[in-house]
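What follows is a set of notes on a single structure, which appears directly below.
The values are calculated or read from the model by the stated rules, or taken from the named source; none is laboratory data. Quick caveat: nothing in here was measured; it's all calculated off a predicted structure. Cβ: placed from backbone, ideal geometry, glycine included. Neighbour counts: every protein chain shown.
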Amino acid sequence: MQTHDAKRVAIIIETPMKRRLVAAIEEAGVSGYSILPVEGGSGRSGPWSREGQVGRAGGMSQVICVIRPDRLDTLLEAIFSVVERHIGVVTVSDCQVLRAERF
Amino acid sequence: MDGFFALALTNLSSPLILCFVLGVAAALARSDLNFPEAAAKALSLYLLFAIGFKGGVAVSDHGIDLALGTTLIAGIVLSALLPFIAFGLLRVLTNLDRTNAAAVAGHYGSISIVTFVAGTSVLESQGLMYEGYMVAVAAAMEAPAILSALWLISAGGASNGKSRMDAHLWREILLNGSIVLLIGSFVIGFITGQEGLKEISSFIVSPFKGVLCLFLLDMGIVAGRGLRNSRGSITLGLLAFGILMPIVGAAIGAVAGAALGLSTGGVLLLMVLSASASYIAVPAAMRVAVPEADPGIYLTLSLGITFPFNLTIGIPLYLAAARIVTGG
């Protein structure tokens, strides 16, 4: 089957910043994304778990976008403007999609 | 003083406190006892709705008077002022930098609605009345402290304070779900009065303490996990602050409550509001506006130290003081 090159951008960010991140992604012209809750993990500040949170302040969320390769720089600039000062991880990976016109 | 010890003993052996202790113990023992996130959220929504509705009904019974306005203003002033006192105390007792000290201080100007609910529960068990509009005062005290904390940070030249606040953050703070539900149910209670209460009392009055028990069990689990994960990060100075600051806040609340002419119950609740520290609204705002501040410090202090202190020893202590202040 014919597949097409695309970029998969995954951003793990503090939940209070999620709405701002999504707004920045949309402003960058990317209308397709998925948001996933993060169960827990460990980083420079030590381990954390979703179970131990009383508000949304301590939680993390993951936002995933799949885009055409030529839109990557614009998207990363928009993402960086939000995540620059915050805890989080931004990863970019190559992927293949079946229907290129959807991205 | 005997009264205080008797009340403290009664409070410590109440189902509410014992449920909280069970939660802390389970978490410290690494039990897998856990509340599903959605269930904990539902319990919280129930408590906010019930306390807001009952407050509205109480105001409906007694009518709106000048005291409501003056107490609201006093609450806003207290919320804005307390962070400065907390900041000063932190600078004396701890070696926190300005940003972390200001972020912690912001939490102590704002309030813990669960501590407030526990305070109302103690008042009801003692047969003491309180002004219904204290619910609105609680809502009004959520946000001003955040501004004080941001001002403390920007005044130190740590960074541009103005850039920390934007319209989105303002909306999130002022229209956060807890405030909207609390004020909304307060207004519904005010509009529908005793008739409305009669219709839903089997839902919001009788089960209230049982639901509060379950919620405090969950809070105990969260507090216990926070304490377990924070071993080593809380110094003696921070521990002293977490216990001293609520007492200082309560004392200021007592003076304000007495000056406003509140009832014994009203003074107690203003003391509880002044003594408690936020662990929901302010941490969320601080993560957005001051990401460089360490949440491990402010969340552990407010939820792991000050909240249990207020719940177990603080409220009986404040009630004894409120009785002395009002002669009640």
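For the range B:263-306, which helices (runs of 4 or more DSSP H) that fit wholly inside it have 3 or more residues that are at the interface with chain A (Cβ under 8 Å from one of its Cβ atoms), in contact with an Asp or Glu (Cβ under 9 Å, 6 or more places away or on another chain) and under 19 Å from B:ILE173 (Cβ atoms)?
Result: B:281-289.
Quickly run through the range B:230-255 and pick out the residues that are surrounded by fewer than 20 Cβ atoms within 10 Å (Cβ to Cβ) and part of a helix (DSSP H, G or I).
B:LEU236, B:GLY237, B:LEU239, B:ALA240, B:ILE243, B:LEU244, B:ILE247, B:VAL248, B:ALA251, B:ILE252, B:VAL255
Given (1) closer than 30 Å to A:ILE87 by Cβ; (2) more than 14 Å from every other protein chain (Cβ to nearest Cβ); (3) in contact (Cβ under 8 Å) with a residue 40 or more places away in the chain, identify the lone condition not met by B:GLY253.
Unmet condition: (1).
Residue-by-condition table, conditions (1) modelled with pLDDT under 90; (2) closer than 21 Å to B:SER125 by Cβ; (3) within 16 Å of the chain's Cα centre (by Cα):
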| site | (1), (2), (3) |
| --- | --- |
| B:ARG225 | yes, no, no |
| B:ARG228 | yes, no, no |
| B:THR264 | no, yes, no |
| B:SER276 | no, yes, yes |
| B:ALA281 | yes, no, yes |
| B:ALA284 | yes, no, yes |
| B:LEU303 | yes, no, yes |
| B:LEU319 | no, yes, yes |
| B:ALA322 | no, yes, no |
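Which condition from (1) touching a residue at least 40 places away in the same chain (Cβ under 8 Å); (2) surrounded by 15 or more Cβ atoms within 10 Å (Cβ to Cβ) is the one that B:ILE191 breaks?
For B:ILE191, the failing item is (2).
For the range B:117-160: of the residues being buried (at least 16 other Cβ atoms within 10 Å of the Cβ) and hydroxyl-bearing (Ser, Thr, Tyr), which is farthest from the chain's Cα centre (by Cα)?
The qualifying residue farthest from the chain's Cα centre (by Cα) is B:SER154.
Select, from B:SER125, B:SER79, the only residue that is small (Gly, Ala, Ser) and modelled with pLDDT under 95.
Unique residue meeting the criteria: B:SER125.
Residues are listed down the side, and each one gets a yes or a no for (1) within 26 Å of B:LEU22 (Cβ to Cβ); (2) of a type in the set (A, V, I, L, M):
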site	(1), (2)
B:VAL272	yes, yes
B:ALA277	yes, yes
B:ALA281	no, yes
B:MET286	no, yes
B:ALA289	no, yes
B:GLY296	yes, no
B:LEU301	yes, yes
B:GLY304	yes, no
B:ASN310	yes, no
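Taking the range B:278-296 on its own, how many of its residues are out of contact with any Leu (no Cβ under 7 Å at 6 or more places or on another chain), touching a residue at least 60 places away in the same chain (Cβ under 8 Å) and either closer than 26 Å to B:VAL180 by Cα or not acidic (Asp, Glu) (or both)?
9
What about A:ILE25, is it surrounded by fewer than 16 Cβ atoms within 10 Å (Cβ to Cβ) and either away from chain B (no Cβ under 12 Å) or modelled with pLDDT under 90 (or both)?
no
Kindly establish whether B:ALA254 is of a type outside the set (Val, Ile, Thr) and in contact with a helix residue (DSSP H, G or I) (Cβ under 8 Å, 6 or more places away or on another chain).
yes
In the range B:167-188, what count of residues is obtained for those that are free of Cβ contacts under 8 Å to residues at least 40 places away in the same chain, over 19 Å from B:TYR46 (Cβ atoms) and in a helix (DSSP H, G or I)?
5
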